Amino acid sequence: MKKIAAVATIVVFACAIVAGFAADNQKLIVGVWKFDMGGGFSGVAEYKADGTFTQKIGKMTISGKYTVKGAALTTDAQGQKTVFTIVSITAKEMVQKRGDGKTMKFTR
């Protein structure tokens, strides 16, 4: 019986950590981020609290909606959905992993 209680406590604690991580990601992503794609391409992404985003790379601008669920960042721009993994995020730096496995660093 003690083992069951211990396992249940660990599961509840782990769920609380994951829920806190997801809530932090949702709050921390809001704002303006600069990024460098390499090859001379850099840009600015802005994630707003209302769930919309704008990304500018040179003269090109992409706008749409986004959601954050845990470490998953899903963007929807003109019907094109893309899922990124938030590897890490702080108030000043974010690292995202793209679908091809490459990572991108964003800074404020």
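The values are calculated or read from the model by the stated rules, or taken from the named source; none is laboratory data. This one's a predicted model, so the numbers in the text were calculated from it and none came from an experiment. Here the Cβ positions follow ideal geometry from the backbone for every residue, glycine too, while neighbour counts run over all protein chains shown.
Numbers at a glance
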{"quantity": "Positions within the stretch 72-108 being part of a strand (DSSP E or B) and exposed (fewer than 10 other Cβ atoms within 10 Å of the Cβ), in sequence order", "calculated": "Q80"}
{"quantity": "Scope the stretch 56-108; condition under 17 Å from K34 (Cβ atoms), without any contact (Cβ under 8 Å) to a residue 24 or more places away in the chain and touching an Asp or Glu at 6+ places or on another chain (Cβ under 8 Å); matching residues", "calculated": "none"}
{"quantity": "Candidates K69, K59, K34, filtered to the one that is among the basic types (K, R) and surrounded by 12 or more Cβ atoms within 10 Å (Cβ to Cβ)", "calculated": "K34"}
{"quantity": "Enumeration of residues in the stretch 39-77 that are under 21 Å from T107 (Cβ atoms) and among the charged types (D, E, K, R)", "calculated": "E46, K48, K56"}
{"quantity": "Extreme residue, farthest from E93 (Cα to Cα), among residues of the stretch 36-71 that are part of a strand (DSSP E or B) and of a type in the set (D, E, K, R)", "calculated": "K65"}
{"quantity": "Residue match in the stretch 27-35 (condition: in a helix (DSSP H, G or I), at pLDDT 80 or above and among the hydrophobic types (A, V, I, L, M, F, W, C))", "calculated": "yes"}
